[in-house]
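Presented below is the structure to which this report refers.
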Amino acid sequence: MYVTFLECSRCGARHERAKLHNLCRECGRPLLVRYDLARAGKTLTRDSLPGRVASLWRYREVLPVADDASITTLGEGWTPLAHARRLGERLGMPRLHLKDESFNPTGSFKARGMTAAVSMAKELGAERLAVPSAGNASGALAAYAAKAGLEAHIYMPRDASRVSVVECMQYGAHVVLVDGFINDCGRIISEKKEREGWFDVSTLKEPYRVEGKKTMAYELAEQMDWTLPDVVVYPTGGGTGLIGMWKAFDEMEELGWIDSKRPRMISVQAEGCAPIVNAFAAGADTAAAVTEPATVAAGLRVPVAIGDFMLLDILRKSNGTAVSVSDAEILESVREIGSAEGIFAAPEAGACLAGLRRLLELGEVDSDERAVLMITGSGLKYPHLWSDLP
C-alpha cells in the first residue's frame, strides 16, 4: 500500500491515512488521497499491465486499500472503449469513441467508486454505511455493502426510478424515500449519522469514491496506447468522475506514462439543473445552488456540488468548457446512440452527445478531434422515461 496521507483539496491540510474521514477537519472541503508514486512505480509499470486482472484493480498500487482481504469486488472496471464509427459519421467526427460504463456491475460507473469506498470502509472498521442518491449510486452502494457484509442505509427522492428502489431492496439495503431532492436526502443523513453510527459515503464527502472513478482515465490512456484524447465529454452531477480522471492524469504523468498534454474536459448538464454551467459562464470560482432542479437525467439533478471549485478549476486549466442541454435533446440523443451503436445509454450519456453536437455547431470542438463520450450507465435503469411508448 503506497498511500502517504490524505490532503484537503482546498486548504492543503494533511489527514492521517489509516482512519475514517469525511471532509477536511479544518475547512470542511473534500479530501484527496496522495501516494508515494516513486515507490508505486517500481512495480506498477506500463509493461506490467497486460498480464494483470481485467478490472480496475489492475492499478492496485494507486488504489488505497492496504490489505487485499479488504477488497470488495464484483468485477468492476476495464470497460469497453468503442470506436463509434456510425455515430461519428452522423456527426462528421471520424475519431469519436464511447467509453461504455454500463458494463460495470449494477450497470453504471458508480460501481467504480463504491468498490473503493466500501473496501476502505470495511478495512477501517465501519459497519453501517449511508448515502443519498437519485439512482445509480444507491444500487452500487447496496450491492457492494452486501458483498462486504455491511449495512447500507439509502435515502432517495420519492420520485427516484422504481427500478433503483427495487434494486436496493433486493440487495438487502434499508431504503427511505424522501419528499425532496438529493440535497434534502443528504441533509437528513448528516443530521442522523452520528446518532445512528453511519459512515457517510456521499459524493466527495469521503476520500475514496474518487479513487475508484479515477481508473476511467487510467483505462482510457491504456486503451488509447498512452496518447490521451483531445476531448473528454462528461455528464456532471456531483462531478466525482471528472475530478478523479484529472487526478489520474497527474498521477500518470508523475509515473512517466504520459506527458503534460491533457484533454479538454467538457462538463455537460441539463438546462433544468446547470450550476456548473452557470458558474463557468459567469467566471465564478464556486457555483450557486439551483433552487428547483428539474431534469429527466436523475444523475444530473444535483443542485450544487461540494467539489464545484475543483470542477471549475479543471475546466479552465484544461481549456475546456461547460454546456447545458434540454431534456428533449437528451432523450433524442439516447435514441441516436442506440440506433447508431447498439448501446442503450442512460440519459446522462445522452446529455453528452447533445452537448457535443452543440459544441460542434458552435465551433468549440473540431470535427477532426479525437473525442471520448462517457457512457456512464445503462438506459435499462430508466424504463419510466419511455413508458408512454407503445
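The values are calculated or read from the model by the stated rules, or taken from the named source; none is laboratory data. Owing to the predicted nature of the structure, the values given are computational and were not obtained by experimental measurement. Using ideal geometry, Cβ is built from the backbone for each residue, glycine included, and neighbour counts are taken over all protein chains shown. Side chains are part of the model used for accessible areas, which takes the heavy atoms of the whole protein and leaves out ligands, DNA and RNA. Shrake-Rupley method; radii C 1.70, N 1.55, O 1.52, S 1.80 Å.
The set of residues from the stretch 200-227 being open to solvent by 40 Å² or more (accessible area, probe 1.4 Å) and over 24 Å from CYS8 (Cα atoms) comprises GLN223, ASP225, TRP226, THR227.
Residues that are free of Cβ contacts under 8 Å to residues at least 24 places away in the same chain and farther than 23 Å from HIS384 by Cβ were ranked within the stretch 319-365; the one that is least open to solvent (accessible area, probe 1.4 Å) is GLY363.
For the condition surrounded by 15 or more Cβ atoms within 10 Å (Cβ to Cβ) and either among the aliphatic types (A, V, I, L, M) or in contact with a Pro (Cβ under 6 Å, 6 or more places away or on another chain) (or both), ARG264 does not qualify. Checked against (1) in a loop (DSSP other than H, G, I, E, B); (2) within 29 Å of ALA305 (Cβ to Cβ); (3) not polar (S, T, N, Q), LEU6 meets all criteria but (1). In the set GLY172, GLY197, only one residue is open to solvent by less than 50 Å² (accessible area, probe 1.4 Å) and of a type outside the set (S, T, N, Q); that residue is GLY197.
Helices (runs of 4 or more DSSP H) fully within the stretch 188-302 that include at least 1 residues being under 14 Å from the mean Cα position of the chain (by Cα): 209-213, 215-223, 240-255.
Restricting the stretch 123-156 to residues that are assigned to a strand (DSSP E or B) and in contact with a Ser or Thr (Cβ under 9 Å, 6 or more places away or on another chain) leaves a set whose member that is surrounded by the most Cβ atoms within 10 Å (Cβ to Cβ) is VAL131.
On the basis of being at pLDDT 95 or above, of a type outside the set (Asp, Glu) and either in contact with a helix residue (DSSP H, G or I) (Cβ under 7 Å, 6 or more places away or on another chain) or surrounded by 24 or more Cβ atoms within 10 Å (Cβ to Cβ) (or both), does ALA69 make the cut? Judged against the criteria, ALA69 is not a match. Of all the criteria given as (1) in contact with a Ser or Thr (Cβ under 9 Å, 6 or more places away or on another chain); (2) open to solvent by 70 Å² or more (accessible area, probe 1.4 Å), the one not satisfied by SER55 is (2).
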